[in-house]
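Okay, structure first, notes after.
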Amino acid sequence: MPHMKLNEIAEELPAFWKSTIIGQSGNCNIKILKMDGQQYPDETHDYNEALIVIKGKMLLVVNDETVEVAEGEMYLAPAGVPHSVAPGSHGTLMIIDPVGT
């Protein structure tokens, strides 16, 4: 499926904050999920994670600072750095991370 309508894929997902793999590139998964305005708890990974807002906005908390990631923007969450999502985040999010995660 080379041509994908990302917002439509996200809308069809059965649950918020549960990503689905829509493809792979090299050794990375390309995932999509829908955000519903609720917060998402701290996560820390041993790899860099690309967070790309396709639609809406994400309020990402990193080192006790809130970063607004707007539609069409990306935040590269560094390996080993805890990050969480603050309330008010909504829309479609793409995540790129290593295969097997």
Take the solvent-accessible surface of the protein heavy atoms, probe 1.4 Å, and return the percent of it on the chain that carbon and sulfur atoms account for.
51
Please give the per residue accessible area of the chain, computed with a probe of 1.4 Å over protein heavy atoms only, in Å².
58
To one decimal place, what Kirkwood hydrodynamic radius in Å is obtained for the chain from all pairs of distinct Cα atoms?
13.6
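The values are calculated or read from the model by the stated rules, or taken from the named source; none is laboratory data. Predicted, not measured: the structure shown is a model, and the values here were computed from it. Surface areas here come from the heavy atoms of the whole protein model, side chains and all, with no ligands, DNA or RNA. Shrake-Rupley method; radii C 1.70, N 1.55, O 1.52, S 1.80 Å.
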